[in-house]
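The values are calculated or read from the model by the stated rules, or taken from the named source; none is laboratory data. Since we're looking at a predicted model, the values are computed, not measured. Ideal geometry is used to build each Cβ from the backbone, glycine not excepted, and the neighbour counts take in all protein chains shown.
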Amino acid sequence: RNAEINAVTTRAQAKLQAQPQPSSANTSSTSTTSQSTCSSPPMATPLHDFSLSRIRSEQAQDVIIQQIIQQIRNNRRYESFIIQHGILYKLVYRDDATIKLVYAPSKLIPEIMAAYHDHPLSGHFGT
């Protein structure tokens, strides 16, 4: 039985593979380099921490979010927001469902954009 493995090469991986490899003076002309098709070149991919504890901490330092939370606590009507476990959520109504979205602190927005647009596993190239 023949097994076939399909792999995807991202743009970042293609750039790394296209870079010329440094040559060594000790390398003989008969040596060959083999590379497994299952492994990818090591990449410096940042790990993103989007845990609820970090979001709670960043929301606590965000001035705009703190103003919204204060107004909600002062019994002002904000029907499209909810606070649960110290985290501010925006309520979005779609069809017959209510979706609870984390209100992103301004400090995390560039990191969120990078994770969803630039990360090799995001599956999204470009802007």
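Quick notes on this structure:
- Filtering the range 80-125 to residues that are surrounded by 15 or more Cβ atoms within 10 Å (Cβ to Cβ), within 17 Å of residue 61 (Cα to Cα) and at pLDDT below 90 leaves 108, 111.
- Test: residue in the range 72-79 that is surrounded by 10 or more Cβ atoms within 10 Å (Cβ to Cβ) and at pLDDT 90 or above: no
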